[in-house]
Amino acid sequence: MSYELGQGTGPLRGVKVVEIAGIGPGPHACMTLADLGADVIRIERPGGQLLAGGPHNLLNRGRPSVALDLKSPAAVDAVLDLVEQADVLVEGMRPGVAERLGFGPDEARARNPRLVYGRMTGWGQEGPLAHTAGHDMNYIAITGTLHGLGQDTSRPHFPANLVGDFGGGSTYLVIGILAALLEARTSGEGQVVDAAIVDGTAHLNAMTSAFLAAGTFTEERASNLLDGGAPYYDLYETSDGRHMSVGPLEPQFYDVFVERLGIAGRAPDRYDPAQADVLRTLITEAFLARPMAEWTEVFEGTDACVAPVVKLSEAPDHPHMRAREVFVERDGLVQPQPAPRFSRTRSSLTTPPSATAGSETRAALAAWGIADVDALLESGAAVQA
């Protein structure tokens, strides 16, 4: 099996990243960097890890899998050899683990002072919870974000792991890495990026913090403008059990909405709190009269701010998603294209997710110029799957 550097076409072409494999936000961040053109080499434990996903795990696309036993000094030396020529290292271990293994920030930056060292954790590198286990919902729970999610007044509802792992986690890790890379071009020095999901989620929720400070936000779910408290910003069931998303906040859009829905002559003043239940009932009954497909046709191409709630399996075939080619089929997998888009250095998909951990150990280490790969394999410090 062969492997070559420089396959990416995006704006990060030429940037080299060493990824110490984890789960969730770390892989998503490194997928994003690879999508944007960076050469990423993924270091995994022999045999893989939890939620590895094999050839269907899109979070592992765009980069080779190298299996190293990081308890072996020879494997750690190989990581540091990779670091010496890299621009970025990403790891998602608990605070102190990378240091104990021998490739913490001090050791890594001693080999490469320009290195940007990205650390992805839930709680952050310090604080009372820093060394404890946790997952997405735990992290967003203490930021004040989870409490307000959902339209159920009796309990909050968590949106899978989108807000924490990927919204407050990988997104902010990528932002931090890119900012540190830009700064390093001027200063000639790298630095550590401490990307904590608690930090990113709180920052992501800044607008709600602003509403709370202004006194225009109540901490009761489904009682605010954007959480279902307003009848004209909510989800409504259709006759076939599907749903439409409704959000005509601006007056001119609302006028189109009530006209197309057929309640223009009956709808009360939407700004009168005493009439909110009446308006909600009118909207509810109207949507229940027809199936989702018909309502989609009614509102298609208008400024009513109404869209069908489609399933993920249906999304690639939505006319707008299809026209923009948001999803493509590649290597037998339907998957989202790289985002965002660039006018000149357009990103492209390169290699599919590795079938097993260590599938490209020999080829990738050789492509990165690691000396005596055979000795690493013979010693067991590296494993070729």
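The Rg/Rh ratio for segment 122-211, using Cα coordinates for both the radius of gyration and the Kirkwood hydrodynamic radius, is 1.06. The order of Lys71, Lys16, Lys311, going from fewest to most other C-beta atoms within 10 Å of their C-beta, is Lys311, Lys71, Lys16. Its Cα centre serving as origin, the chain has a Cβ charge dipole (Lys and Arg +1, Asp and Glu -1) of approximately 480 debye.
Rounded to the nearest 20 debye, the dipole size of segment 321-381 about its Cα centre is 660 debye, using +1 on the Cβ of Lys and Arg and -1 on the Cβ of Asp and Glu. Run a plain Debye calculation on segment 234-317 (Cα atoms as equal point scatterers, no solvent) and give log10 I(q)/I(0) at q = 0.11, 0.17, 0.19 Å⁻¹, rounded to two decimals, same order as the q list. Results for segment 234-317 at q = 0.11, 0.17, 0.19 Å⁻¹ read -0.28, -0.66, -0.82. Projected label points at Leu226 and His157, each 7 Å from Cα along the beta carbon direction, are separated by 1.9 nanometres.
Taking 37 °C and 0.692 mPa s as conditions, the chain diffuses translationally at an estimated 140 µm²/s according to Stokes-Einstein applied to its Kirkwood radius (Cα pairs). On the principal axes of its alpha-carbon atoms, segment 99-155 has extents of 54, 21, 15 Å, going from largest to smallest. Working note: Debye formula, equal point scatterers on the alpha-carbon atoms of segment 132-270, no solvent; log10 I(q)/I(0) at q = 0.16, 0.21, 0.22 Å⁻¹ is -0.96, -1.24, -1.29. For Val90, the amide hydrogen comes within under 5 Å of the amide hydrogens of Val18, Glu19, Ile20, Gly118, counting only partners 5 or more places away or on other chains and with H modelled in the peptide plane.
When each of Val328, Val66, Val246 is scored by the number of other beta-carbon atoms lying within 10 Å, the sequence from fewest to most is Val328, Val246, Val66. The Rg/Rh ratio of segment 54-169, with both radii computed over alpha carbons and Rh defined as the Kirkwood radius, is 1.06.
Each Lys or Arg adds one and each Asp or Glu takes one away; over the other residues whose Cβ falls under 15 Å from the Cβ of Ala382, this sums to -4. Modelled this way, with points 7 Å down the Cα-to-C-beta line, the labels at Val97 and His203 are 2.3 nm from one another. Between the listed residues Leu282, Val258, Val306, the Cα displaced farthest toward the positive end of the dipole of segment 234-317, a dipole computed from Cβ unit charges relative to the Cα centre, is found at Leu282. Excluding Val198 itself, calculate the net charge of residues whose Cβ lies under 14 Å from the Cβ of Val198, where each Lys or Arg counts +1 and each Asp or Glu counts -1. Charge balance near Val198 sits at -4. By the count of neighbouring beta-carbon atoms within 10 Å, fewest first, Glu220, Glu107 end up ordered Glu220, Glu107.
Backbone N atoms of segment 234-250 closer than 13 Å to the 7 Å Cα→Cβ label point of Glu294 belong to residues 238-241. Charge tally for Val278 (other residues, Cβ to Cβ under 15 Å; Lys, Arg +1; Asp, Glu -1): -2.
Principal-axis analysis of the Cα atoms of the chain puts helix 171-187 at an angle of about 50° to the longest axis.
Using +1 at the Cβ of each Lys and Arg and -1 at the Cβ of each Asp and Glu in the chain, identify which of Gly358, Gly150, Phe166 lies farthest towards the dipole's positive end. Farthest towards the positive pole: Gly358.
Given R₀ = 41 Å, FRET efficiency for Glu378-Ser348 by Cβ-Cβ distance, to 0.05? Given R0 = 41 Å and the Cβ-Cβ separation, E is 0.65. Charges were assigned to the Cβ only: +1 to each Lys and Arg, -1 to each Asp and Glu. The resulting dipole of segment 234-317 about its Cα centre is roughly 160 debye. When only alpha carbons are used to place a centre, segment 278-348 and segment 182-245 end up 21 Å from one another. Here the alpha carbons of segment 5-81 define both size measures, Rg and Dmax, at 12.5, 36 Å.
Using a Förster distance of 41 angstrom, determine the FRET efficiency expected from the C-beta separation of Asp317 and Glu183, and round it to 0.05.
Values: r = 43 Å, r/R0 = 1.05.
The calculated FRET efficiency here is 0.45.
With the convex hull of its Cα atoms as the shape, segment 161-238 has an orientation-averaged projected area of 7.8 nm².
Bear in mind these aren't lab numbers, they're just calculated from the coordinates by the rules spelled out. Note that the coordinates shown come from a computational prediction; the quantities given were computed from them, not determined experimentally. Counting neighbours? That spans all protein chains shown, and the Cβs are built from the backbone with ideal geometry, glycine included.
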